[in-house]
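> Before we start, here is the structure in question, set down as structure tokens.
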Amino acid sequence: MHTTEPFTTDQPLLARLPVAAGAVRLRALRTDDVDDFLAYRSDPEVARYQGWQPMDRDSALVFLHDAAPSPWRLGDWAQIGIARAEDDRLLGDIGLLREGPAQVQLGFSLARSAQGRGWAHTAVRACIDRLLVPLGMTRLRGITDVRNAASLRLLSRLGFLHASREDVVFRGETCTEVTLERCL
């Protein structure tokens, strides 16, 4: 059982950062991350199953500046960076959509060069255990394309269970989205 502090709407998510987690660390996104951010967010393989679209440099700078709203209200997305611990270089990010007072939808993106090393698993686990649980979040959701086997494996390894499946049109293509949930 986890001990949690009461969540208040004016408590910024970023107040708990940085979080060291093995080879990676979670931290606030910064405007000086723009080149690394644009590199992985412009990679068609990384973007394939993501809801976001590639952006130009000016849009990316605005996004990075405003990545974590404070307060973090219902309906707000907050993005936190996944950086390599050894040199603080940005590898990816975790998106957190505040869906309810204690419910969050999460998504994650990782540069292709950083995939397959367990770093996404380490980062998402640290996000859950060291950011979301202490903020009083009790229900998590992940939504992914059924073809995104790596994402499905990661969420399953983290204790997320299949909740639903739906055929949708995503980027003009028919696909099946799977929703996985975890109660804390």
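Every number in this text was worked out from the coordinates using simple rules, so none of it is lab data. Keep in mind that this is a model prediction, so the values were computed, not measured. For neighbour counting, all protein chains shown are included, and Cβ atoms are generated from backbone atoms with ideal geometry for every residue, glycine included.
> Rank by packing, highest mean first: peptides 44-54, 104-114, 28-38, with packing defined as the count of other Cβ atoms within 10 Å averaged across residues. Present the calculation step by step, with values, prior to reporting the outcome.
Details: 44-54: 13.5, 104-114: 19.5, 28-38: 17.4.
Highest mean packing first, the order is 104-114, 28-38, 44-54.
> Now for a separate question. Show me the three semi-axes of the equivalent ellipsoid for the range 54-109, from the C-alpha gyration tensor (sqrt of 5 times each eigenvalue), largest first, rounded to whole Å. List each step's numbers first, then the result.
Details: eigenvalues 93, 46, 19 Å².
Over the Cα atoms of the range 54-109, the semi-axes work out to 22, 15, 10 Å.
> For every other residue with a beta carbon closer than 13 angstrom to the beta carbon of VAL24, add +1 if it is Lys or Arg and -1 if Asp or Glu, then tell me the sum. Don't jump to the answer; show the numbers that get you there.
Values: positive: ARG25, ARG27, ARG84, ARG89, ARG117, ARG125, ARG130; negative: GLU86, ASP87, ASP88, ASP93.
With Lys, Arg at +1 and Asp, Glu at -1, the neighbours total +3.
> Once you charge only the Cβ atoms, +1 for Lys and Arg and -1 for Asp and Glu, what is the size of the charge dipole of the range 13-138 about its Cα centre, to the nearest 20 debye? Kindly include the intermediate steps, with their values, before the conclusion.
Values: 15 positive and 16 negative charges, 89 e Å.
Magnitude of the dipole: close to 420 debye.
> At 10 °C and 1.306 mPa s, grab the translational diffusion coefficient of the chain from Stokes-Einstein with a Kirkwood Rh over Cα pairs, rounded to a whole number in µm² per second.
On the way: Rh = 16.7 Å.
The diffusion coefficient I find is 95 µm²/s.
> Under a plain spin-label model, where a point goes 7 Å from the Cα along Cα-to-Cβ, how far apart in nm are ARG89 and ALA163?
3.6 nm
> With the dipole of the chain worked out from charges on the C-beta (+1 for Lys and Arg, -1 for Asp and Glu) around the Cα centre, which of SER151, LEU90, LEU14 lies farthest toward the positive end?
Positive-most Cα among the choices belongs to SER151.
> Taking just the alpha-carbon atoms of the range 126-181, what radius of gyration and Dmax come out, in angstrom?
Gyration radius and largest Cα-Cα distance of the range 126-181: 13.0, 39 Å.
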